[in-house]
1. Return yes when residue 30 is loosely packed, with under 11 Cβ neighbours inside 10 Å, among the acidic types (Asp, Glu) and either in contact with a helix residue (DSSP H, G or I) (Cβ under 9 Å, 6 or more places away or on another chain) or modelled with pLDDT of 90 or more (or both) and no when it is not.
2. Among the residues of region 97-107, how many are under 16 Å from residue 84 (Cβ atoms) and of a type in the set (A, V, I, L, M, F, W, C)?
3. Select, from 144, 140, 163, the only residue that is in contact with a helix residue (DSSP H, G or I) (Cβ under 8 Å, 6 or more places away or on another chain), in a helix (DSSP H, G or I) and modelled with pLDDT under 85.
4. Can you pull out every residue in region 91-116 that is within 18 Å of residue 11 (Cα to Cα) and surrounded by fewer than 17 Cβ atoms within 10 Å (Cβ to Cβ)?
Amino acid sequence: MSIAHGWSEKPVQVFPCLTAVSPEEWRESEPFIRRFSAKSRIFYRDDAAAYGMFLISGTARITVIGENGSESVINLLTAGEICSLLVLSGLSGREYPGELTAETDVDVLFVRKSSFMRWVQEHEPIRATVFGGLLDGMLRMVERTQQRQTQPLDNRLARVLLRMKAEERSAIRITHQKLAEEVGSVREVVTRALARFQKEGWIETGRGTVRILQRKMLEEQFGDLVTEESGVS
C-alpha cells in the first residue's frame with residue numbers, strides 16, 4: 001500500500017503496522033506530519049480528544065499534572081512508540097491526563113482520533129504494536145518508580161544529565177525545577193546536588209543551562225546506572 005500519497009514514506013518505515021490501513025482509511029484519517037523543536041509541547045490534554053499520534057523520530061517525555069499544578073515525568077517515548085496514556089484514555093472514554101513534550105527535535109504523525117481508535121480495534125498488526133507498546137511503557141513506568149524509591153538522588157540526576165547531553169549538542173537547556181520533575185525531587189534538593197557536581201568540576205551551571213565538563217568522571221562515579229540509559233557504551 002502507498003500510504004504517503006505524495007509525501008514521505010517515513011511513517012511506514014517507522015511503523016510497519018500502518019501498511020494494514022487501506023488507502024481509503026488513510027484519506028479519511030486526514031493525516032499530517034509536524035516537526036517540533038526540543039522542549040516544545042507536542043500534545044496537550046485538549047488535543048487528545050481530536051487526534052491520535054505516532055512518534056516518527058526523536059524522543060519525548062510524558063508528564064502528568066498534579067492537582068497542585070506540579071508536573072511529574074512518568075515515561076519517555078522514542079521513535080516507533082505510541083503514548084500508552086493516549087490509548088488507555090481513548091479506550092476508557094476518559095480525559096487524557098497528561099502532556100507530551102519534545103525531549104529532542106521530533107517528527108510526529110497525527111491522525112483523526114476516531115480513525116486511530118478504529119484502527120486499534122480492527123487491524124491486528126496495529127493492535128499488536130499498540131498493546132505491545134503499552135506493556136513496554138508500563139514496565140518502564142514501574143522501573144522509573146522503583147529507581148526513584150531505591151536509587152540515590154545523585155545517581156538519578158547524573159542519569160538524566162547524561163541522557164540529555166547525548167541529545168543536546170552544547171549546554172543542556174533546562175531549569176532546576178524541570179530537573180527536579182525529571183528525577184522526582186524538589187528544586188532546592190536538586191540545586192544542592194548540582195552545586196556538589198559543580199564543586200567536583202563535573203559540570204558548570206548557568207542561568208537555565210547545565211554544561212557537562214567531565215562526562216567520563218560522571219560515568220565512573222555513578223557506574224552503569226547512568227551509561228545504560230544514556231546509551232553510552
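The values are calculated or read from the model by the stated rules, or taken from the named source; none is laboratory data. Remember, it's a predicted structure, so these values are computed and weren't measured experimentally. Methodologically, a virtual Cβ is constructed for each residue, glycine included, from the backbone with ideal geometry; neighbour enumeration extends over all protein chains shown.
1. Here the answer is no, as residue 30 does not meet what is asked.
2. Counting residues in region 97-107 that are under 16 Å from residue 84 (Cβ atoms) and of a type in the set (A, V, I, L, M, F, W, C) gives 1.
3. Details: 144 fails: in contact with a helix residue (DSSP H, G or I) (Cβ under 8 Å, 6 or more places away or on another chain); 140 fails: in contact with a helix residue (DSSP H, G or I) (Cβ under 8 Å, 6 or more places away or on another chain).
Answer to the selection: 163.
4. Correct list: 105, 112.
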